[in-house]
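Everything on this sheet refers to the single structure shown next.
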Number of protein chains: 2
Amino acid sequence: VEARGIHHVGLAVLDLDEALATYERLFDGRVERRVRVEEQGVEAASVLVGGSRVELLAALDPETPVGRFLAKHGPGMHHVAYAVDDVGSAIRDLVARGAEPIDAEPRVGMFGHEIAFVHPDSVHGVLTEVVSSG
Amino acid sequence: VEARGIHHVGLAVLDLDEALATYERLFDGRVERRVRVEEQGVEAASVLVGGSRVELLAALDPETPVGRFLAKHGPGMHHVAYAVDDVGSAIRDLVARGAEPIDAEPRVGMFGHEIAFVHPDSVHGVLTEVVSSG
């Protein structure tokens, strides 16, 4: 896959407001968007730090993917997302190159972009996302 | 701190050659530099993925910081590094804003840049580095 670069780093947090305040205070972070997606049980904020982006993820319920991650690992780094031109061709290309997809087809992510995840076992323990943000 | 953006994402790996091959194969990664630092017990490669950078870290010995990280967490995301103009003023500014430093003064990192680490407890579980790459 020809990635343009890192689109964002996803970080699991226990308290979204507190984490946002930390990124604003320490790194002059600026909130780009904040969404609450009940059906995925997650509240998220995309935060610009200089020319880069971190995505803060908080669980609305322990029995959600982010909630289970937090219960197992505690807060911290959750995934790395690479920007690609086209998520569909990127995920097919990744599979052809031996990666194990979580999403074999693109789906729409929390912020409205096309996304797909690759299983961390394919990428040395790193949950990896490809995203097309137009 | 006014960060320019993410300088790199640090990833702990069990086998540096295998991880490099994966990033080359899946993401067209290009090795920027590779170093072996006996006194820190680490071998590392900086890999360009599009316009971004990941830093792959392998332990030369289990009794090293990266070795202990791998024993505890397994391979995966290790730290996030932000590019700053001046590491000395950045770390002083971070401390003034309430962060707990690991390095209260800049030191020279594996790739010859000035770096300093901030304790993950200050940043919601994320081991955070500031780096000045000139």
Taking the condition of being under 14 Å from residue B:80 (Cβ atoms) and not hydrophobic (A, V, I, L, M, F, W, C), how many residues in region B:110-134 meet it?
7
Residue in region A:57-79 that is away from chain B (no Cβ under 12 Å), surrounded by fewer than 19 Cβ atoms within 10 Å (Cβ to Cβ), among the hydrophobic types (A, V, I, L, M, F, W, C) and without any contact (Cβ under 8 Å) to a residue 24 or more places away in the chain present
yes
Going by the structure shown, is residue B:32 modelled with pLDDT of 95 or more and open to solvent by less than 70 Å² (accessible area, probe 1.4 Å)?
no
Which of the following residues is away from chain A (no Cβ under 11 Å) and not polar (S, T, N, Q): B:13, B:9, B:31?
B:31
Restricting region A:92-109 to residues that are within 12 Å of chain B (Cβ to nearest Cβ) and assigned to a loop (DSSP other than H, G, I, E, B), which is surrounded by the most Cβ atoms within 10 Å (Cβ to Cβ)?
A:99
Being out of contact with any Gly (no Cβ under 6 Å at 6 or more places or on another chain), within 11 Å of chain A (Cβ to nearest Cβ), open to solvent by 10 Å² or more (accessible area, probe 1.4 Å) and of a type in the set (Asp, Glu) is true for just one of B:24, B:39. Which residue is that?
B:24
Does residue B:88 qualify as being within 12 Å of chain A (Cβ to nearest Cβ) and open to solvent by less than 60 Å² (accessible area, probe 1.4 Å)?
no
Of (1) modelled with pLDDT of 95 or more; (2) farther than 25 Å from residue B:84 by Cα; (3) among the β-branched types (Val, Ile, Thr), residue A:37 satisfies every one except (1)
Could you list all residues from region A:120-130 that are open to solvent by 30 Å² or more (accessible area, probe 1.4 Å) and either away from every other protein chain (no Cβ under 12 Å) or acidic (Asp, Glu) (or both)?
A:121
Which condition from (1) outside any strand (DSSP E or B); (2) within 25 Å of residue B:129 (Cβ to Cβ); (3) not aliphatic (A, V, I, L, M) is the one that residue A:61 breaks?
(2)
I'd like the full set of residues that are within 20 Å of residue B:7 (Cα to Cα) and without any contact (Cβ under 8 Å) to a residue 40 or more places away in the chain, limited to region A:33-54.
A:47, A:48, A:49, A:50, A:51
Across (1) more than 25 Å from residue A:21 (Cβ to Cβ); (2) within 12 Å of the chain's Cα centre (by Cα), residue B:78 clears everything bar (1)
Filter region B:10-20 down to the residues that are among the aliphatic types (A, V, I, L, M) and farther than 12 Å from residue A:123 by Cβ, then identify the one that is most open to solvent (accessible area, probe 1.4 Å).
B:14
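The values are calculated or read from the model by the stated rules, or taken from the named source; none is laboratory data. It should be emphasised that the depicted structure is a prediction, and the values quoted were computed from it without experimental measurement. All Cβ positions, glycine included, derive from the backbone under ideal geometry; neighbour counts span all protein chains shown. The accessibility values were calculated without ligands, DNA or RNA, using every heavy atom of the protein model including side chains. Shrake-Rupley method; radii C 1.70, N 1.55, O 1.52, S 1.80 Å.
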